[in-house]
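The values are calculated or read from the model by the stated rules, or taken from the named source; none is laboratory data. Note that the structure is predicted; figures quoted are calculated from it, not measured. Don't worry about glycine lacking a Cβ; one is built from the backbone with ideal geometry, like all the others, and counts go over all protein chains shown. Keep in mind that these areas ignore ligands, DNA and RNA; they rest on the heavy atoms of the full protein, side chains included. Shrake-Rupley method; radii C 1.70, N 1.55, O 1.52, S 1.80 Å.
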Amino acid sequence: MPDPSAVAVFADLHEEGRELDALVGELTVPDWARPTPAPGWSLAHQIAHLHWTDRAALLALTDATAFAGLVEEAVKAPDTFVDAGAEEGAALAPAELLARWRAGRAALDEAIAEASPGAKFPWYGPPMKAASMASARLMETWAHGQDVADALGVRRVPTDRLRHVARIGVRARDYAYAVRRLAAPAEQFRIELTAPGLLVERYRKNRNLHRLVRRQLQMGIRDRSWNLPSAPAKP
């Protein structure tokens, strides 16, 4: 029987992509060249980057050898490989880029749903299970989608899907310290969030208690849709 929490994040990833698609699906060709809050990135760069990372995730799930080749390319050019991928996609005609992004999303949705629940798949950071891969893709789709919305002057309504973004942020806290060669604080910490229409969830990790309270959205994380400053989504 499929894990209900995994099924939920798979469905939420699909919905996050669909919502962003609704923002860009009817844009004119000149609109794709609009600048976004990420310096040097247009709307086309944002969608191209999502397509590029969706493709990488698909290879991680289905072809470990091919994905290892992508990692080798990244190691050779660690400071430029992300921008290079975005530039390549942004050079496509908007209709072609949109079609490729849509096809890639559909293929990734299918691969994630069919992946072995207990298996871990390679990534640029630590290996991940399919559910974590879906959470990571949702996080990027939401973040880059915010840059797209800002460029278009659209105010997005936050959704319960952001619980996955909060959860992956909590779970990756110690890793974020590690990659910067810093020691993570030893003290226990608690994350408390509220969001629309969900029940209280409690879980433990590394002896730390995290309490997620989800009713009305008053989130401890913020983006420009709440009129508070944040960094743009560009890596």
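From the list Val75, Val82, pick out the single residue that is more than 19 Å from Arg137 (Cα to Cα), among the hydrophobic types (A, V, I, L, M, F, W, C) and open to solvent by 20 Å² or more (accessible area, probe 1.4 Å). Even if it seems obvious, please write down each step before you answer.
Numbers: Val82 fails: more than 19 Å from Arg137 (Cα to Cα).
Unique residue meeting the criteria: Val75.
Looking at this structure, is Asp3 more than 15 Å from the chain's Cα centre (by Cα), over 15 Å from Ala143 (Cα atoms), without any contact (Cβ under 8 Å) to a residue 24 or more places away in the chain and surrounded by fewer than 17 Cβ atoms within 10 Å (Cβ to Cβ)?
Working: more than 15 Å from the chain's Cα centre (by Cα): yes; over 15 Å from Ala143 (Cα atoms): yes; without any contact (Cβ under 8 Å) to a residue 24 or more places away in the chain: no; surrounded by fewer than 17 Cβ atoms within 10 Å (Cβ to Cβ): yes.
Considered against the rule, which asks whether it is more than 15 Å from the chain's Cα centre (by Cα), over 15 Å from Ala143 (Cα atoms), without any contact (Cβ under 8 Å) to a residue 24 or more places away in the chain and surrounded by fewer than 17 Cβ atoms within 10 Å (Cβ to Cβ), Asp3 comes out as no.
Just a yes or no: is a residue in the stretch 157-180 open to solvent by 60 Å² or more (accessible area, probe 1.4 Å), within 18 Å of the chain's Cα centre (by Cα) and either of a type in the set (A, V, I, L, M, F, W, C) or at pLDDT below 50 (or both)?
The answer is yes, given that some residue of the stretch 157-180 is open to solvent by 60 Å² or more (accessible area, probe 1.4 Å), within 18 Å of the chain's Cα centre (by Cα) and either of a type in the set (A, V, I, L, M, F, W, C) or at pLDDT below 50 (or both).
Taking Arg137 as the residue in question, decide whether it is within 30 Å of Leu61 (Cα to Cα), at pLDDT 85 or above and surrounded by 14 or more Cβ atoms within 10 Å (Cβ to Cβ). Reasoning before the result, please.
Details: within 30 Å of Leu61 (Cα to Cα): yes; at pLDDT 85 or above: yes; surrounded by 14 or more Cβ atoms within 10 Å (Cβ to Cβ): yes.
Answer is yes for this residue.
Taking the criterion of being at negative phi and under 13 Å from the mean Cα position of the chain (by Cα), would at least one residue in the stretch 31-42 satisfy it? Lay out the reasoning, then the answer.
Just the residues of the stretch 31-42 that are at negative phi, to begin with: 31-39, 41-42.
Adding the requirement that they be under 13 Å from the mean Cα position of the chain (by Cα) leaves none.
There is no residue in the stretch 31-42 that is at negative phi and under 13 Å from the mean Cα position of the chain (by Cα).
Kindly provide the set of residues from the stretch 15-41 that are out of contact with any Pro (no Cβ under 6 Å at 6 or more places or on another chain), open to solvent by less than 70 Å² (accessible area, probe 1.4 Å) and part of a helix (DSSP H, G or I), ordered by number.
Of everything in the stretch 15-41, those that are out of contact with any Pro (no Cβ under 6 Å at 6 or more places or on another chain), open to solvent by less than 70 Å² (accessible area, probe 1.4 Å) and part of a helix (DSSP H, G or I) turn out to be Glu15, Glu16, Gly17, Glu19, Leu20, Asp21, Leu23, Val24, Asp31.
Go through the stretch 100-126 and count every residue that is modelled with pLDDT of 95 or more, in a loop (DSSP other than H, G, I, E, B) and open to solvent by 60 Å² or more (accessible area, probe 1.4 Å).
Total meeting the criteria: 1.
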